[in-house]
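Below you'll find the structure, written out as structure tokens, and then a few comments.
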Amino acid sequence: MSWITITENGQRRRLAIARDQRGVWIGWPGGSAFFEKANRLAEGGHKHRDVRAPMTGKVIKLLVKQADLVAEGDVLVILEAMKMEYRLTAPHAGTVEETHCQEGELVDLGKVLIKLIE
Amino acid sequence: MKVLVANRGEIACRIFHTLREMSIPSVAVYTDVDADSPHVWHADESVGLGATSAYLDIPKVLDAAKRSGANAIHPGYGFLSQNAEFARACAKSSITFIGPSPEAMIALGDKRGSSLTATKLGIPVVPGARETDSLEEARKAAAQVGYPILVKAAGGGGGKGMRRVDSADELSDAFDAAKREALGAFADERLLVEKYVHPARHVEVQILGDGKTAIALGERECSLQRRYQKVIEESPSTGISEKTRHALFDAASRLATATKYASAGTVEFLIGPDESYYFLEVNSRLQVEHPVTESLTGIDLVRAQIEIAQGGKLPDVSSPRGHAIEARLYAEDPYNGYLPSTGRVLMLDWPKMPNLRVDTGIVEGSIVHPYYDPMLAKLITWGETREQARRKMIDALSATTLLGLTTNQSFLLDVLKSDFFTSGKTFTTTLESMTWMRPEIPECVGAAATQALKQRSNDSGGTSGPSDRYSPWHALGAFRMHS
């Protein structure tokens, strides 16, 4: 956690820097961004697609089971975080290969919840 | 008096400040995950409640009051603040509930009860049905007023347990979801159905009552919302004439007087395109955005609540001065469906400048959990004119540093700089009807990131210089960015 000063187009600017295990956060006047190593949350190929938790939260409904056929946009899982519900939908039509969560389970950001095959 | 604050986060911290100023001993309560939260240190004493949901647990909160010898409870907002059963339970235990009486709460704080009360006083309400406990009743009511409709929690606020429904096909899903959310957030699953007025502004009136008379302290325009959660509030409203303002003040104080309202409260109105107004609901508690009114009037609303609870008089009110704006900093990604973010606050630096107030419940090192509200802080700026307050807010947000979580900081800045905000054309659907683009990352930031990551691999490898050419951090093209 520190400040650095850089010079850009002759202008001195201050940036904020903080590291965690996954990468580095940089803050500039009015914004911030996280730089993380690629392929940590690698997407699957075209044939297989993982549906991952977009945030840490609780699974309140698991609406599919193994071998279910789903259409693009079908709701697969309902997650709850901060008292709001979020619906995770199928990114494409396919078959549910595996489910990796249970109702009531607290899941971390990035966890694979459903594996789909096209 | 010794006051227990049955809440957490920024509002608990804010209430403790006033208690200290009034030399009233204070007690904090906390759940296991909140044991190290700042609100706990701001109190003279603290009592642990256990599970993450315990802020809603009436017996546990009352027991904490008894154990600490507190004879009054301030509920803050959310949690038990609008729960009449809790207010009654306090009275039974000889604890002063710092808020309105349970009777006034039912007559006003409950969405159903308040619509009936308003109708009796001749105050217009949005067409709809106040009794829709079953899906069938909701279906009938929706057909009567016509889609689109809103399904709302009868016992709550803040957009939790609320759904917009565009057609009959969507009703069943929305009804169930709203019910679950309402039960989780307010321990009350009753719902109501309302016609969806569009385009509308959301304008609310701050009231203070002492049980005999009530006064209106001013209005707040809170039209800018996402998922029915307010993002930016201001006062005075840019969308109402002096005539409408007086009509709203009059309606609000009549409602409060008729129900012998004794505390701070907020009367919410929906303003249609032709300045027609509809009473929406009363929030029978302190409101998140109450500092906007405090900035214009110089009145400490928490102090006023405590003095009223002690049997004191209403404060003297001089006319409001200037313009105030509040921006809510949330732990969420506005460019990705407002998904909440969680994690540790790694670096935090608030600006200090004249006429800026920052109300927050986090410090550097705090962990933002998925269990509670994603609001990290409120920034409130004041100016002689709206333009001054707007520019000050842009300055304040630009000088704010918060690392470790994705926040809506740059989104707030985009809104404040937009043409619609600058010209005061703010409606409840404005934010969600626009496409918001993630701002570009300044060039120098990418370069700084490469360097910072290189340095890190050097630190951990214990080597420096050319040997890091094998570092996995080398290729910036491989980095993935958030926020």
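Just so you know, all these numbers are worked out from the coordinates, no wet-lab data involved. Source: prediction; values computed, not measured. Using ideal geometry, Cβ is built from the backbone for each residue, glycine included, and neighbour counts are taken over all protein chains shown.
Mean separation of Cα pairs under 8 Å and 6 or more residues apart, divided by the residue count, gives chain B a relative contact order of 13 percent. Work out the charge dipole of segment B:238-288 with +1 on the Cβ of Lys and Arg and -1 on the Cβ of Asp and Glu about the Cα centre, then indicate which of B:H246, B:Y278, B:A258 is farthest towards its positive end. Final value for the positive-end residue is B:A258.
Neighbour counts of other C-beta atoms within 10 Å: give me B:M434, A:M84 arranged from fewest to most. Write out the running numbers ahead of the final one.
Details: B:M434 12, A:M84 21.
Least crowded to most crowded, the residues run B:M434, A:M84.
Rounded to the nearest 20, the size of the Cβ-charge dipole of segment B:1-109 about its Cα centre is 280 debye, with Lys and Arg at +1 and Asp and Glu at -1. Around the amide H of A:L63, modelled in the peptide plane, lie the amide H atoms of A:V77, A:I78, all under 5 Å away and 5 or more residues distant in sequence or on another chain. Give me the net charge for the shell around B:G298: Cβ to Cβ below 13 angstrom, other residues only, Lys and Arg +1, Asp and Glu -1. Charge balance near B:G298 sits at 0. The base-10 log of I(q)/I(0) for the protein assembly as shown, evaluated at q = 0.05, 0.07, 0.10 Å⁻¹, reads -0.23, -0.45, -0.93 [Debye formula, identical scatterers on Cα atoms, solvent excluded].
Quick one: go through segment B:423-440 and flag any residue whose amide nitrogen is under 16 Å from the point 7 Å out along the Cα-to-Cβ line of B:H198. Output list for this probe position: B:427-435. Among all lysine pairs in chain A that are eight or more places apart or on different chains, how many have alpha carbons less than 14 angstrom apart? Final tally of qualifying lysine pairs is 4. Between the helical axis of B:386-398 and the longest alpha-carbon principal axis of chain B there is an angle of about 40 degrees.
Averaged over the residues of peptide B:391-402, the number of Cβ atoms from other protein chains lying within 10 Å of each residue's Cβ is 3. Given the C-alpha centroids of segment B:179-244 and segment B:356-405, what is the distance between them in whole angstrom? Computed from Cα coordinates, the inter-centre distance equals 21 Å.
Specify the angular offset, from 0 to 90 degrees and rounded to the nearest 10, of the alpha carbon long axis of helix B:242-258 from the longest principal axis of the alpha carbons in chain B. The angle comes out at about 60 degrees.
If you count the DSSP beta bridges with both ends in the protein assembly as shown, what percent of them are antiparallel, to the nearest 5?
Working: 106 of 120 bridges.
If we restrict to bridges inside the protein assembly as shown, about 90 percent are antiparallel.
Tell me, A:I78, B:I149, B:I123 in order of fewest to most beta-carbon neighbours within 10 Å? Mind showing how you got there, number by number?
Numbers: A:I78 19, B:I149 27, B:I123 22.
If I rank by nearby Cβ atoms, fewest first, I get A:I78, B:I123, B:I149.
For a straight C-alpha distance cut-off of 30 angstrom, the lysines reachable from B:K425 (same-chain residues fewer than eight places away being disregarded) are B:K111, B:K152, B:K160, B:K195, B:K230, B:K243, B:K352, B:K378, B:K392, B:K417. Between 0 and 90 degrees, the angle of helix B:443-461 with respect to the longest Cα principal axis of chain B falls at about 70 degrees. Residue-wise HN-Hα couplings along segment B:113-125, as the Karplus relation 6.51 cos²θ - 1.76 cosθ + 1.60 with θ = phi - 60° gives them from phi, are x, 5, 5, 5, 4, 4, 4, 4, 8, x, 8, x, 10 Hz; Gly and Pro carry x. Determine which aspartates and glutamates satisfy two conditions relative to B:K260: a Cα distance under 15 Å, and not lying fewer than 8 residues away in the same chain. Qualifying aspartates and glutamates at Cα under 15 Å: B:E103, B:D210.
Order these by the 10 Å Cβ neighbour count, fewest first: B:E103, A:E80, B:E194. Each step should come with its number before you reach the end.
Values: B:E103 15, A:E80 18, B:E194 25.
Ranked by crowding around the Cβ, least crowded first: B:E103, A:E80, B:E194.
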